[in-house]
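One structure is given here, and the rest of the page talks about it.
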Amino acid sequence: MESVEAIYKYVWLIPVLPLLGAAIVGTGLISYNDATNKLRKPVAAFIVSIIGAAMSLSIMVLVSQLQGHAPYTYLIEWASAGDFHINMGFTVDHITSVMLVIVTTVAFLVMIYTDGYMAHDPSYVRFYAYLSLFSSSMLGLVISPNLLQVYVFWELVGMCSYLLIGYWYDRDGAADACQKAFVTNRVGDFGLLLGMLGLFWATGTFEFDLMGERLTDMVSTGSIAGSLAALFAILVFMGPMAKSAQFPLHVWLPDAMEGPTPISALIHAATMVAAGVFLIARMYPVFEHIPTVMSVIAWTGTITAFLGASIAITQNDIKKGLAFSTMSQLGYMVMAMGVGAYTAGLFHLMTHAYFKAMLFLGSGSVIHGMEEVVGHDPTLAQDMRLMGGLRKYMPVTAITFLIGTLAISGLPPFAGFWSKDEILGSVFEVNPLMWFIGWVTAGATAFYMFRMYFSTFEGEFRGNDDAIKTTVKRQALQMAGASMGPGAMSAQELEVEDTHAHDEHHAEEPHESAASMIFPLMALAIPSTLIGLVGTPFANYFEAFVHPPGEALTVAELAEEFDMSEFVRMAGLSVAISVAGIVLAVLMYRAKKLDPTAIANKIKPLYNLSLNKWYIDDLYRKVFIQGTRNLAKGVLNVDIKIVDGIVNLTGFVTLVTGEGLKYFENGRAQFYALIVFGAVLGLVFVSGLT
């Protein structure tokens, strides 16, 4: 037991180790930039070793918790004044131990993958420093014992996302994307801050359990209105709404694809977007007693799940398709939290982390191979219309991508089946309409993922087709809009690009990626296939371990509650809709029995709605960006014409009166006496009139 206790005393090292790595490498870059940038392999080995040490500690903590060790909390008083006390420290319980392992394992594999993917990038060392800081921020958030400390690391995660999405800051697209992510998250984080302060004002604490107990008591005794408590809770939920890309604050996530693929995998799988769902889980003691808030959370997740899937159907950029897929899957998690399926939401968070990390890293492997054929233009390298037949050239990438596709499509026995089915089963008991939307979304998910797989890996390779390249370029220009916003190419630039494309010499066909990129894919394929088995409904070890606060059931007790006929019915419906989606994708993109273009032309308005992301970005551009600019112009006009006008008029009046009065100051006493006499005479005349 002494050794077990020792592990808990060193839990603080889990976030501190990657922070130390980022600090050392960052200091080297600031102080000795050229020398540090030359130490590429040593820096990579150092950072990977450090996250590996954090991963080892995390696994030891999880094993200890699985063996039945009581949750452990260590606190120090950070600030106090009279009755006001704020504690900082760390806490280790079941959800913490699971999240630590998810974050560290995915981060470890992503960092190994980065060595191959970023091999030719001049700022390779800086990227590793950012990755390490990002991992540290998320790990610090996971072990935080109260809402205030969560908020500190929450903001650090946001800052790191800004640095990583805008890593290639010399590209207009990346610079705009990181600003969009930052501003959108500021909206959510401002709501979170207001909600936090409101809850602290009401309950006098930042501790999750105490906050929930006190708020419930205050509402029941009438010392605080239920509507005010609901307002505070919804404001807090705005934080996860932005971080986990929930409608209507989802618009930053697809643009985040401007960052390098390894960071896309980390953001979408284990860190930033997972932080939102994790905070909902932590705030569960507050949310679960306010039905209005639970409904808001559930419907937000439901709308987001459907919205993301409906947009992903028409995307041609492989990374953006996966981004909308992430948004949709996060919608499932949030929906589960909203209907009270706490463990189902967290179970899907875990399974999704592994298969989505694998899918993103797989897409990076594809892009890496495509760049050798079409050049380093993201528009061409990421467009699925130029891919096809890659299974022949990249077999390991293809097989792992197929495993991820089967997992996210919810086919047994892959991980996604067990977690998604548990969510849909729980939702059906609460709200059949919500279940129906989730069920249709499951079919759409299977369709767009197999569309992605067939377009990328099956058929003939299209990367050398100049006609398709020109079409892709011209469509990219049209999508950028006639306004030629930041990052858009002019028609003249496009012609120059096309000329260069013919002049440059590229490889005729792609090839499999380096071993450092293939190993993480193979490693992630294992949990993507098997990890769902820890949460099967007839032996739900995951739910017995990770359960809502105040509730605890053994595996045997959960097995007694299991209804086989209900499971067969719900799972059968879930698999049936997924198979229908797959069959449709096969007919359209593999067997070529149905023409996607002809179908798109028949339902042109719906197709355009999906292709243009439901015009939500355009609406935001009109209302918020153009609206803000118009407001600024109006304020400028008021400033120039009214404020400046009044100031200028005051100066002018002073000038004129001064100029006029100076002629009356001549130093002659007779003149002054004459003025006084004239004034008295005038007064007498006026008084005589009255």
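The values are calculated or read from the model by the stated rules, or taken from the named source; none is laboratory data. What you see is a predicted model, and the numbers here were worked out from it, not measured in a lab. Counting neighbours? That spans all protein chains shown, and the Cβs are built from the backbone with ideal geometry, glycine included. Side chains are part of the model used for accessible areas, which takes the heavy atoms of the whole protein and leaves out ligands, DNA and RNA. Shrake-Rupley method; radii C 1.70, N 1.55, O 1.52, S 1.80 Å.
Observations, loosely collected:
- Angle between the chain longest axis and helix 94-117 axis [Cα atoms, degrees, rounded to 10]: 90
- Counting only protein heavy atoms and a probe of 1.4 Å, the accessible surface of the range 72-198 is 64% carbon and sulfur.
- Taken along its principal axes, the alpha carbon cloud of the range 163-247 reaches lengths of 57, 22, 16 Å, longest axis first.
- VAL656/GLU372 FRET efficiency (R0 56 Å; Cβ-Cβ; nearest 0.05): 0.15
- Scalar couplings 3J(HN,Hα) for the range 312-319, obtained by applying the Karplus form with A = 6.51, B = -1.76, C = 1.60 to θ = phi - 60°, are 4, 4, 10, 6, 9, 6, 4, 6 Hz; x denotes Gly and Pro.
- Carbon plus sulfur fraction of accessible area for the range 328-454, probe 1.4 Å, in percent: 68
- Highest mean first, the peptides 254-264, 280-290, 116-126 sorted by other C-beta atoms within 10 Å per residue fall in the order 254-264, 280-290, 116-126.
- Euclidean distance between Cα centres, the range 523-579 to the range 86-144, Å: 28
- Radius 12 Å from Cβ of GLY535, net charge of other residues (Lys, Arg +1; Asp, Glu -1): -2
- Globularity ratio of the range 1-137, using Cα Rg and 2.2 N^0.38 Å: 1.23
- Pairs over the 23 Å Cα-Cα cut-off, from the set LYS473/LYS633; LYS392/LYS592; LYS180/LYS469: LYS473/LYS633; LYS180/LYS469.
- Viscosity 1.567 mPa s, 4 °C: Kirkwood-radius Stokes-Einstein D of the range 86-215 over Cα pairs, µm²/s: 78
- Peptides 59-71, 637-649, 521-533 ordered by packing proxy, namely the average of other Cβ atoms within 10 Å per residue, highest first: 521-533, 59-71, 637-649.
- In the chain, the longest principal axis of the Cα atoms and the axis of helix 272-282 are about 90 degrees apart.
- Measure of compaction for the range 397-466 (Cα Rg per 2.2 N^0.38 Å): 1.40
- Gap separating the Cα centres of the range 296-352 and the range 189-229, nearest whole Å: 28
- With Cα atoms as the point set, the range 593-690 shows a radius of gyration and Dmax of 35.6, 112 Å.
- Each peptide in 40-50, 609-619, 11-21, 103-113 receives the mean, over its residues, of other Cβ atoms within 10 Å, and ordering these scores from highest gives 103-113, 11-21, 40-50, 609-619.
- With the biggest extent put first, the Cα atoms of the range 52-132 measure 56, 37, 16 Å across the principal axes.
- For the range 532-584, the fraction of C-alpha pairs more than 17 angstrom apart is 50%.
- Per residue accessible area of the chain, 1.4 Å probe, in Å²: 43
- Angle in degrees between helix 466-480 and the longest Cα principal axis of the chain, rounded to the nearest 10: 40
- Estimated from helical segments only, the mean residue ellipticity of the chain at 222 nm is -24000 deg cm²/dmol, where each DSSP H run of four or more residues counts as -39500 (n - 2.57).
- Shown for the range 529-643: the carbon plus sulfur share of the solvent-accessible area, taken with all protein chains present and a 1.4 angstrom probe, equals 67%.
- Listed candidates [x] 3, 14, 23, 24, 16, 8, 3, 3, 3, 2, 1, 0; [y] 3, 13, 21, 23, 20, 13, 6, 1, 0; [z] 2, 11, 17, 20, 18, 14, 9, 5, 2, 1, 0, 0 - label of the one calculated as P(r) over Cα pairs in 10 Å bins from 0, in percent: [x]
- THR27 versus VAL638: modelled label distance in nm, points set 7 Å from Cα along the beta carbon direction: 5.1
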